[in-house]
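Read through the structure below, which is laid out as structure tokens, and then see the notes.
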Amino acid sequence: MTDENMNQGGGTTGAENKFESSKTHAKRAAADLREATTAMAEDYRDKAAQAWDDAKVRAHTLREDGEDYVRENPMRTVLATLGIGFVLGWIFRR
């Protein structure tokens, strides 16, 4: 018998032992990778949620500012809108 067979006992070979060890190592590596991926996904999800909340606040503020401007300057707003409409109509007509 070889040294590997004697050390293993029960007739298992060194190659089988290495295979089992590699299999265990691969399972641990997959579990570690899964944990790291989950942590990264949660981090990105939190960042995306924060960016979405910031965008909603900015859009709300922009809308409020626009409404305030129109209330404070109704004539200027109407004239500017008519002017923009005239220019766009002139451009698209050609």
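Worth a mention:
- Segment 58-86, residues that are loosely packed, with under 10 Cβ neighbours inside 10 Å and among the hydrophobic types (A, V, I, L, M, F, W, C): M75
- Among the residues here, G89 qualifies as surrounded by fewer than 10 Cβ atoms within 10 Å (Cβ to Cβ), at pLDDT 95 or above and in a helix (DSSP H, G or I).
- Scanning segment 26-42 for residues that are over 27 Å from the mean Cα position of the chain (by Cα), exposed (fewer than 10 other Cβ atoms within 10 Å of the Cβ) and free of Cβ contacts under 8 Å to residues at least 24 places away in the same chain turns up nothing.
- Check on D32, in a helix (DSSP H, G or I) and either touching a Ser or Thr at 6+ places or on another chain (Cβ under 6 Å) or at pLDDT 95 or above (or both): no
The values are calculated or read from the model by the stated rules, or taken from the named source; none is laboratory data. Being a predicted model, the structure only gives us computed values, none of them experimental. Note that we place each Cβ from the backbone using ideal geometry, even for glycine, and neighbour counts take in every protein chain shown.
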